[in-house]
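The values are calculated or read from the model by the stated rules, or taken from the named source; none is laboratory data. Small disclaimer: the values here were computed from a predicted structure and weren't measured. Here Cβ is always computed from backbone atoms with ideal geometry, including for glycine, and neighbour counts include all displayed protein chains. Protein only, heavy atoms only, side chains kept; ligands, DNA and RNA dropped before computing areas. Shrake-Rupley method; radii C 1.70, N 1.55, O 1.52, S 1.80 Å.
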Amino acid sequence: MTSTLSVAVIGAGMGGLATAAALRRSGHEVTVYEQASRFLRLGAGIQIGCNAMHVLRGLGLEDRLRAEAFYPRSWNNKNWQTGEVRFDALFGPTAEQRYGAPYLLAHRGDLHTALHSAVPDDVLRLGHTLVGLDDRGVDGVRLRFSNGAEAVADAVIAADGVHSMVRRELFGEDTANFTGRIAYRTVFPADLLGGYELDECTKWWGEDRHIVIYYVRPDRSEVYFVTSQPEPGFTVESWSAKGDMDDLRAAFEGFHPQVQHVLKACPDVHKWALVDRDPLPEWSRGHVTLLGDACHPMTPYMAQGAAMAIEDAAVLARILGPVTDRAGVPEAFRRFHATRSPRTSRIQLTSRKNTWLRDPMDVDWVYSYNAWDAPLAA
């Protein structure tokens, strides 16, 4: 018997880094394996909901994120053409008082860098692409990487994304649900707007498409937007695939002047196909579990994908933290799934509808959740 576990985390995205940081705080020995050779500040924004901020506060990152992210008054939802308000979902001090944590809008790269700061470099193994794993029970899980490296861990947590290699190893091949819709997104300097003032955060709802626009820096120096519109034939899922600005502008012709001004100022954009998966009946086998997008990928319409992975990290650390022997790992992973699956499944299926905040609704069930003290499954 050992007093701590050796834990391998596969993937150094938001969920992987949050998990590593949380598990280190619980005393376990953690190593993070990431296929990329370096981290990039990708051009995308991210909404950090009050529920995610509770976890990030527990990881010691709140002050840094407050200093680097934008603090919006609300998430406003408006008619695509007239600008008529459908639902002005208040955030700012109102939400912070109600939910006990702020709602922030950030550059995705800044959030990732903050999480990276909570995980020492000496536990990161960049350039490690997992190609095989073998759960040998009492002898641990053996991992093999494409660079020839091998490792053995008491527990493996796969935070390796929507196309998870570990999910295929555990449960076989499956097919992502291509929604028939695409998204354009980018971050660009607000100076390109020529002094034009934007709403702080608005989703412009069209009949079969929408665009969300918000600032990602406290000084309003960077603007982010993300769209969703039908394009059934496009199935490329890549952070780097470029979109055509003329096509994008044509797709939103007739939208409100604020939208037109943003699209006219934008120099370039990325494009990717939107996918999700149905909720999985189980996330783990033996000493290996999935986490985040690897087990509950979702459409971006609630801005909760990364938040769910960050919540996962805190809950898993609470459950796995007291485990001191690898024999206790399988039951801890089953308990993790039993605790988290009802919530992540509900958010997956709610997000898929793309009606979140379109009209007045109850939002407390999403933003009031605190993963550090939420009830755990028996």
Of everything in region 214-231, what is part of a loop (DSSP other than H, G, I, E, B), surrounded by 13 or more Cβ atoms within 10 Å (Cβ to Cβ) and either at pLDDT 95 or above or touching a Ser or Thr at 6+ places or on another chain (Cβ under 9 Å) (or both)? Give them in sequence order.
V216, R217, P218, R220
Could you please find all residues in region 288-309 being open to solvent by less than 20 Å² (accessible area, probe 1.4 Å) and not in a helix (DSSP H, G or I)?
V288, T289, L290, L291, C295, H296, P297, T299, Q304
Just the residues that are surrounded by 15 or more Cβ atoms within 10 Å (Cβ to Cβ) and of a type in the set (K, R), please, taken from region 124-143.
R125, R142
Which residue is farthest from H270 (Cα to Cα), if the candidates are limited to region 237-256 and must be open to solvent by 40 Å² or more (accessible area, probe 1.4 Å) and outside any loop (DSSP other than H, G, I, E, B)?
A250
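Is there a residue in region 150-157 that is at pLDDT 95 or above, within 18 Å of the chain's Cα centre (by Cα) and open to solvent by less than 10 Å² (accessible area, probe 1.4 Å)?
Initial filter on region 150-157 (at pLDDT 95 or above): 150-157.
After this cut, where a residue has to be within 18 Å of the chain's Cα centre (by Cα) as well, the list is 157.
From what is left, the residues that are open to solvent by less than 10 Å² (accessible area, probe 1.4 Å) are 157.
Yes: region 150-157 contains one or more residues that are at pLDDT 95 or above, within 18 Å of the chain's Cα centre (by Cα) and open to solvent by less than 10 Å² (accessible area, probe 1.4 Å).
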Need pairs with beta-carbon distance below 6 Å; first residue of a type in the set (D, E) and within region 181-199, second surrounded by 13 or more Cβ atoms within 10 Å (Cβ to Cβ); sequence gap 6+ or separate chains.
D199/N76
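Residue-by-condition table, conditions (1) out of contact with any helix residue (DSSP H, G or I) (no Cβ under 8 Å at 6 or more places or on another chain); (2) β-branched (V, I, T):
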residue: V212; (1), (2): yes, yes
residue: V216; (1), (2): no, yes
residue: D219; (1), (2): yes, no
residue: V226; (1), (2): no, yes
residue: H270; (1), (2): yes, no
residue: L274; (1), (2): no, no
residue: E282; (1), (2): no, no
residue: A294; (1), (2): no, no
residue: P297; (1), (2): no, no
Condition (residue is more than 23 Å from R24 (Cβ to Cβ), crowded, with 18+ Cβ neighbours inside 10 Å and of a type in the set (G, A, S)) applied to region 266-287: is it met by at least one residue?
yes
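Going by what's in this entry, would F234 be described as touching a residue at least 12 places away in the same chain (Cβ under 8 Å), in contact with a strand residue (DSSP E or B) (Cβ under 8 Å, 6 or more places away or on another chain) and assigned to a loop (DSSP other than H, G, I, E, B)? Steps first, answer last, please.
Working: touching a residue at least 12 places away in the same chain (Cβ under 8 Å): yes; in contact with a strand residue (DSSP E or B) (Cβ under 8 Å, 6 or more places away or on another chain): yes; assigned to a loop (DSSP other than H, G, I, E, B): yes.
Yes; evaluated as a whole, the condition is true for this residue.
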Restricting region 96-123 to residues that are touching a Ser or Thr at 6+ places or on another chain (Cβ under 8 Å) and open to solvent by less than 30 Å² (accessible area, probe 1.4 Å), which is farthest from F225 (Cα to Cα)?
V123
